[in-house]
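Participant: The structure follows.
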Amino acid sequence: MRVLMLGWEFPPHISGGLGTACYGITQGLMERGVDIAFILPSMRAEKSASGTFLRSASGVPISRALKKAVEKVRRQQASDEFSHLFMRPVRANLNPYGGTNFGELGIDPDVFNENDQYVDEISHFRGGYHNDLMDEVYRFTTAASAVVLEEHMKKPADVIHAHDWMTYPAAMTASRLSGLPFVAHLHATEFDRCGDHGYDKIYNIERDGLQAADHVIAVSERTKQVAVERYGVPPEKVSVVYNGAFLHDKVPTFEIPELVRNEKRVLFMGRVTFQKGPEYFVEAARLVLNEMPEARFIMAGNGDLLPRMIRRVAELRMGSRFHFPGFMRGKDVQHMYSMASLYVMPSVSEPFGIAPLEALQCGAPILLSKQSGCAEVLPGALTVDYWDVRQMADRILDVLNHPEMAAESLRLCQQSLQSLTWERAADGILDAYAHVCPNARS
Amino acid sequence: MPSVCFCFEVHQPYRLRPYSFFDMGAKNDYEDAQHNRDVMQKVAEKCYLPMNALLLKLIKRHQGRFRVSFSLTGIVIDQFMEYAPEVLDSFRALARTGCVEFLDETDNHSLACLFSEDEFRGEVMRHRERMRELFGQTPRVFRNTELIYSNDVARMACDMGYDVILAEGTDNMLGWRSPHFVYEPARCPGMKLMLRSYSLSDDIAFRFSNRDWPAYPLMADTFADWLHSIKGNGDVVNLFMDYETFGEHQWADTGIFDFMRALPDCVLSDPEFDFATVSEAADRYPVRGDLDIPNYISWADAERDLSAWLGNDMQKDAFRALYECLGLVKYVNDPELNEAWRKLQTSDHLYYMGTPQSSDGNVHKYFSPYRSPLDAYTNFMNVLADFRIRLFAKANQ
């Protein structure tokens, strides 16, 4: 089985939660013997050592024929004339890529129009997220298609698997041009990121992608629900595959200074943005501090809401009990988790959420919003509606006042954690592939 | 016979290092010692040493007719001792001329007057002690942190035996009156109030090198003419400013040293004019009226009130969290904690958190070692949290 994956993040080349998930998925699939080429907009040269299966779409020559073919696909997408594309006669003698018979592979012959093979441009991408993101998403369509076709001809592939909206347009086009089935992986939707105030343009891309996909993988039941209800995807076209946890053999231990060893610390860690619900954490902290003035709160991370959170903490006069250590990386993350008496993820909408899995491994009990996908696989976790600040405060106080209760919840969650492997996730993904390609399990 | 009264404020805070959450309970070295040393040595070289040398030369050349006053915070004196002892020597040399008066102020450059009379008095007494030790003078003049002033501050200073107190000559408070006379603080009979002539002071301190200013470039004879123009309409021109104006805020290449070198001659060219220290001027001129100032004024920002330090919630939170420790600090009375507490009180920490609406934001930014007021707040609160952890631990022992 050979999979051509399209992604926007991959560690160490730009990695947020999405990159981490992509890493886990590829590792799990490769463990199962799947051959993968993972195509990214760009890779940083100095860090290209991590796995030879990574392909950068930067620096790929794009022929005029390919460009025309992509434009044609776009036009066809616009006018909904899908059916005629794959029924064209094949001109097998026009193959600039060597011996492969692209006709047998189902590739659109227009791509190889002999008269148009000179290089029109060399693709180049910054990668990551910036003001030109939308432009890069569209240009990635052509460049990624070129890489997909090249990879497909190097060694025939079975499926195109695309992670989140940035790569959906590329996957749709590459799928048309190559004849390969397209599986869309839904890690997060615009509703998760922005509530009901997202960008229509992104929503439209997501909807078109999910509609056009031959199959959809959602990271939780909650996300599947969104795909069905808000993007109109037929439920039978969606498989739920939970993310895995990177289980550490051994979590390093951190010495806690004696002066603060018995302090009760409540941690928020993540992007300080609308989606993560930081303001509910701040308001709950005020209620907790009214009851338990010796508690300590930490909001680790950075984001557009951070200044507002700092001002609000000042306004509530709790700055000496509420700390903002900023963005954490590496060992500091585990250090922070292992110091926490409780990790709170009050996300307004969290498709899955990998952070709590890391917190659990570092021995921090977790309190999740009911709007978090990972709560589905951690039945022992404490949960609360993100908006119910009073109950959130009560739950926090429960944990701080009753360590034995917190320990039990932690034990149950850590138990569930053991079965949350990326190999299990890979099996789910292979089952999903089986819906669109018959030899997925061979 | 009007007098020109220079009074220079000398201060450098102990800036805090980036203090991480993980340091809390583990490390109690709060200061960025290297940075403080660098700043002190840079400013000593650019400002304190050359300007002290220049003043000494001017005093000698004019044989007692050029006189100035200084106010040094205890915090800057500590840093002189630690990082630039030669600066302190040069101040001693100035003191020995007999033409230089040293004023008292809050030792920590703090806002103690706002929350505890005891703490305030303790700080001022400590400063008085230092002036006696260092310069052999017992100050008669009190100048509060950043010219923070109200009837209440005057009352406390009067009570402590000071004859003269300084304040900002704000328009709001003066109305039709002129800052160029000596006043009496309300309900402090016998005490004298000297007001900063902010416009003439800021011509030197802020506008001197501003190329957009119509009077640029300002020459000493022009400025002397402006001073002379108060003749018949004033007794004294009080020019109070940061000492760092000379060589640090205004670099040497702006010509600020040449300006000061030439100024005494230009001023004294009118025989009716002379220079005086603050208490000399106060002694010489009669009180022309009393001023009732119930609300706090200061020399900071356009508002000229407390908003530079207590203008937003971050500042108010930090201020409250700091000063609610007072009782326990006294109770525990641990030398190490006392010393840390002393330095945390320095008003600059609150000033860095300021978010003024007007262009004063740039002034805050110029002085701040932080990227933003938010950083200043979160870092200070981390340090303060550690201080409080140690304080509570000691108190509970």
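Participant: Please work out the average accessible area per residue across chain A, using the 1.4 Å probe convention, and give it in Å².
Facilitator: Ligands and nucleic acids excluded, the result is 41 Å² per residue.
Participant: Students often forget the sequence filter, so: which lysines lie under 23 Å Cα-Cα from B:Lys231 once same-chain residues fewer than 8 apart are removed?
Facilitator: B:Lys231 reaches B:Lys192.
Participant: In what sequence, largest accessible area first, do B:His127, B:His249 appear using a 1.4 Å probe?
Facilitator: The ordering from most to least exposed comes out as B:His249, B:His127.
Participant: Quick check on segment A:258-419: take the gyration tensor over C-alpha atoms, sort the square-rooted eigenvalues as a ≥ b ≥ c, and tell me if it's rounded (a/c under 1.5), prolate or oblate.
Facilitator: It is rounded, given that a/c, with a ≥ b ≥ c, falls under 1.5.
Participant: Is any residue of segment B:9-25 close enough, with backbone N under 18 Å, to a label point placed 7 angstrom from the Cα of B:Lys46 along the Cα-Cβ axis, and if so, which?
Facilitator: B:9-15
Participant: Give me the net charge for the shell around A:Pro365: Cβ to Cβ below 14 angstrom, other residues only, Lys and Arg +1, Asp and Glu -1.
Facilitator: Cβ neighbours under 14 Å give a net charge of 0.
Participant: At q = 0.13 Å⁻¹, what is the base-10 log of I(q)/I(0) for chain B according to the Debye formula with one equal point scatterer per Cα and no solvent? Please give it to two decimals.
Facilitator: -1.13
Participant: Give me the accessible area of A:Ser341, 1.4 Å probe, in Å² rounded to the nearest 10.
Facilitator: A:Ser341 has an accessible surface of roughly 40 Å² with all protein chains in place.
Participant: For chain B, return all DSSP H helices satisfying: extent of Cα atoms along own axis at least 20 Å; mean Kyte-Doolittle hydropathy at least -0.5.
Facilitator: Helices meeting the span and hydropathy rule in chain B are B:373-396.
Participant: Now a separate question. Enumerate the aspartates and glutamates that B:Lys57 could reach by cross-link, defined here as Cα to Cα under 16 Å, with residues fewer than 8 away along the same chain left out.
Facilitator: Counting by Cα, and skipping residues close in sequence, B:Lys57 has these aspartates and glutamates nearby: B:Asp89, B:Asp258, B:Asp265.
Participant: On full extension of the chain, what length is gained from A:Asp427 through A:Met30, given 0.36 nm per residue of separation minus the C-alpha to C-alpha distance?
Facilitator: That pair, A:Asp427 and A:Met30, stretches by 141.8 nm at full extension.
Participant: What size of dipole, in debye to the nearest 20, comes out for chain B about its Cα centre when the only charges are +1 on Lys and Arg C-beta atoms and -1 on Asp and Glu C-beta atoms?
Facilitator: Magnitude of the dipole: close to 480 debye.
Participant: A further question follows. Roughly speaking, what is the centre-to-centre gap between segment A:372-442 and segment B:209-250 when only Cα atoms are used, to the nearest Å?
Facilitator: If you average the Cα positions of each part, the centres end up 71 Å apart.
Participant: Taking loop as defined by DSSP and a crowding limit of 14 other beta carbons within 10 Å, which trypsin sites (Lys or Arg not before Pro) in segment A:246-337 fit?
Facilitator: Of the trypsin sites (Lys or Arg not before Pro), the ones in loops of segment A:246-337 whose Cβ has at most 14 other Cβ atoms within 10 Å are A:Lys250, A:Arg261, A:Arg329.
Participant: Using alpha carbons only, how many degrees (0 to 90, rounded to 10) separate the axis of helix A:64-79 from the longest principal axis of chain A?
Facilitator: 70
Participant: What translational D, rounded to a whole number of µm²/s, comes out for the protein assembly as shown from Stokes-Einstein when the hydrodynamic radius is the Kirkwood one over Cα pairs, at 10 °C and 1.306 mPa s?
Facilitator: For the chosen part, D equals 50 µm²/s.
Participant: Right, another one. Over the Cα atoms of segment B:250-397, Rg to Rh with Kirkwood Rh, two decimal places?
Facilitator: 1.12
Participant: Mind checking how much accessible area A and B bury in total, 1.4 Å probe, in Å² rounded to 100?
Facilitator: By this definition, chains A and B bury close to 2000 Å².
Participant: Another question, then. Just want the answer: with Cβ charges of +1 for Lys and Arg and -1 for Asp and Glu, which residue in A:Gln415, A:Ala69, A:Gly198 is farthest toward the dipole's positive end in the protein assembly as shown?
Facilitator: Checked the options; the winner is A:Ala69.
Participant: If you don't mind, there's one more thing I want to ask. Note every residue of segment A:255-298 with a reduction of at least 20 square angstrom in accessible area, all protein chains present versus the isolated chain, computed with a 1.4 Å probe, or write none.
Facilitator: At a threshold of 20 Å² (probe 1.4 Å), the residues of segment A:255-298 that become less exposed are A:Pro257, A:Leu259, A:Val260, A:Arg296.
Participant: Quick one: which bits of segment A:312-335 get at least 50 Å² less accessible when the partner protein chains are in, versus the chain alone, with a 1.4 Å probe?
Facilitator: Residues of segment A:312-335 that lose at least 50 Å² of accessible area once the other chains are added: A:Ala314, A:Arg317, A:Ser320, A:His323.
Participant: If each residue of separation counts as 0.36 nm, what is the full-extension length gain between B:Val287 and B:Asn233 once their alpha-carbon separation is subtracted?
Facilitator: Stretched fully, the B:Val287-B:Asn233 segment lengthens by 18.0 nm.
Participant: Also, quick follow-up: When the helices in chain B are scored as -39500 (n - 2.57) per DSSP H run of 4 or longer and the sum is shared across all residues, what 222 nm value do you end up with, to the nearest 500 deg cm²/dmol?
Facilitator: Taken over chain B, the calculation gives -13500 deg cm²/dmol.
Participant: I'd like to check one number: the per residue accessible area of chain B, probe 1.4 Å, reported in Å² as a whole number.
Facilitator: It amounts to 38 Å² per residue over chain B.
Participant: Compute the accessible area of each residue in segment B:17-40 twice, once for its chain alone and once with every protein chain present, using a 1.4 Å probe on heavy atoms, and list those whose area falls by at least 50 Å².
Facilitator: B:Phe21, B:Phe22
Participant: Here is a follow-up. Got a number for carbon plus sulfur as a percent of the protein assembly as shown's accessible area, 1.4 Å probe?
Facilitator: That share works out to 49 percent.
Participant: Straight distance only, please: which lysines reach the Cα of A:Lys237 with their own Cα at less than 21 Å, same-chain residues fewer than 8 apart left out?
Facilitator: A:Lys224
Participant: Related question: Using alpha-carbon pairs under 8 Å, 6+ residues apart, how would you state the relative contact order of chain B in percent?
Facilitator: Answer for chain B is 23 percent.
Participant: Separate question: Give the dimensionless ratio obtained when the Cα radius of gyration of chain A is divided by 2.2 N^0.38 Å.
Facilitator: Working it through for chain A, the quotient is 1.07.
Participant: Just to verify a number: FRET efficiency for A:Asn302 and B:Ser269, C-beta to C-beta distance, R0 = 56 Å, to 0.05?
Facilitator: With R0 = 56 Å, the Cβ-Cβ based efficiency is 0.40.
Participant: Between the alpha-carbon centers of segment B:277-352 and segment A:272-315, tell me the distance in whole angstrom.
Facilitator: That distance is 30 Å.
Participant: Could you rank B:Trp341, B:Trp176 by how accessible they are, 1.4 Å probe, largest area first?
Facilitator: Accessible-area ranking of B:Trp341, B:Trp176, largest first: B:Trp176, B:Trp341.
Participant: Still on this model: So what's the angle, to the nearest 10 degrees on a 0 to 90 scale, between helix A:389-401 and the longest Cα principal axis of chain A?
Facilitator: Computed tilt is about 60 degrees.
Participant: If you don't mind, there's one more thing I want to ask. Roughly how far apart, in whole Å, are the Cα centres of segment B:56-87 and segment A:240-259?
Facilitator: With segment B:56-87 and segment A:240-259 each reduced to a Cα centre, they are spaced 58 Å.
Participant: Helix A:133-154: angle to the longest alpha-carbon principal axis of chain A, degrees 0 to 90, nearest 10?
Facilitator: Result, in degrees: 60.
The values are calculated or read from the model by the stated rules, or taken from the named source; none is laboratory data. A quick note: this is a predicted structure, and the numbers were derived from the prediction, not measured. Note that each Cβ is placed from the backbone with ideal geometry, even for glycine, and that neighbours are counted across all protein chains shown. These accessible areas exclude ligands, DNA and RNA; they are computed on the full protein's heavy atoms, side chains included. Shrake-Rupley method; radii C 1.70, N 1.55, O 1.52, S 1.80 Å.
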